[in-house]
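The values are calculated or read from the model by the stated rules, or taken from the named source; none is laboratory data. What you see is a predicted model; the values in this text were computed from it and never measured. Virtual Cβ from ideal backbone geometry, glycine too; neighbours counted across all protein chains shown. The area values use the complete protein model at the heavy-atom level, side chains included, leaving out ligands, DNA and RNA. Shrake-Rupley method; radii C 1.70, N 1.55, O 1.52, S 1.80 Å.
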Amino acid sequence: MGESAPLVAVVDDEPGVCRALGRLLRSAGFEVVTFTEGTEFLKFVDERKVDCAVFDLHMPHLGGLDLQSRLDQAGKRVPVVLITGQESQETQRRAMEAGAVAYLRKPTDEKQLVAAVAKGIGRAS
């Protein structure tokens, strides 16, 4: 048997966005799990290795930067791609300084997102 596909987690509080991004990333050859809450993702990542994560920046309770910080605090090396509908240069600076692979505006360009995830997975190996 060949290697299994890289596992990508998508965390967005909008179920429609999770479905759309999940379809896109699966069509690019990735295994995908989706979550509408950050706490669900954090429980999952305690059990399984995630090769890359796509986080919505603005979500109730735990936003993308919060999740990125929690992963770092837990010592989990997961490359992160942040997506947002409300970008700001300050937030982009903070995300990239925290180690994000990419910071993309919603609606995301499909090729850019797939390339960013692939870059993140390359960084993780």
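Within the option set Thr84, Thr36, being hydroxyl-bearing (Ser, Thr, Tyr), touching a residue at least 24 places away in the same chain (Cβ under 8 Å), closer than 13 Å to Ala9 by Cα and surrounded by 13 or more Cβ atoms within 10 Å (Cβ to Cβ) holds for one residue only, Thr36.
Results for (1) aliphatic (A, V, I, L, M); (2) within 17 Å of Thr108 (Cβ to Cβ); (3) buried (at least 20 other Cβ atoms within 10 Å of the Cβ), shown as yes or no for each residue.
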site	(1), (2), (3)
Val10	yes, yes, yes
Ser27	no, yes, no
Pro60	no, no, no
Ala74	yes, no, no
Arg77	no, no, no
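Only one of the numbered conditions (1) within 14 Å of the chain's Cα centre (by Cα); (2) of a type outside the set (A, V, I, L, M); (3) closer than 23 Å to Gly29 by Cβ is not met by Pro107, and that is (1). In this structure, Ala115 does satisfy being open to solvent by 30 Å² or more (accessible area, probe 1.4 Å), touching a strand residue (DSSP E or B) at 6+ places or on another chain (Cβ under 9 Å), within 18 Å of Pro6 (Cα to Cα) and at pLDDT 95 or above.
Among the residues that make up segment 48-57, is at least one of them within 17 Å of Asp12 (Cα to Cα), among the acidic types (Asp, Glu) and not in a loop (DSSP other than H, G, I, E, B)? Yes, segment 48-57 contains a residue that is within 17 Å of Asp12 (Cα to Cα), among the acidic types (Asp, Glu) and not in a loop (DSSP other than H, G, I, E, B).
Residue by residue, here is whether (1) part of a loop (DSSP other than H, G, I, E, B); (2) free of Cβ contacts under 8 Å to residues at least 24 places away in the same chain holds:
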residue: Val8; (1), (2): no, no
residue: Gly16; (1), (2): no, yes
residue: Leu21; (1), (2): no, no
residue: Leu42; (1), (2): no, no
residue: His61; (1), (2): yes, no
residue: Leu67; (1), (2): no, no
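Here Leu82 clears all of (1) farther than 18 Å from Gln68 by Cα; (2) outside any loop (DSSP other than H, G, I, E, B) except the condition numbered (1). Can you confirm whether Val17 is at pLDDT 95 or above and touching a helix residue (DSSP H, G or I) at 6+ places or on another chain (Cβ under 8 Å)? Judged against the criteria, Val17 is not a match. Within segment 23-33, being part of a helix (DSSP H, G or I) and either among the small types (Gly, Ala, Ser) or in contact (Cβ under 8 Å) with a residue 24 or more places away in the chain (or both) holds for Leu24, Leu25, Ser27.
All conditions but one from (1) without any contact (Cβ under 8 Å) to a residue 40 or more places away in the chain; (2) within 27 Å of Gly16 (Cβ to Cβ); (3) assigned to a helix (DSSP H, G or I) apply to Asp72; the one that does not is (2). Restricting attention to segment 90-107, the residues that are open to solvent by less than 30 Å² (accessible area, probe 1.4 Å) and either in contact with a Gly (Cβ under 6 Å, 6 or more places away or on another chain) or within 22 Å of Gly16 (Cβ to Cβ) (or both) add up to 4.
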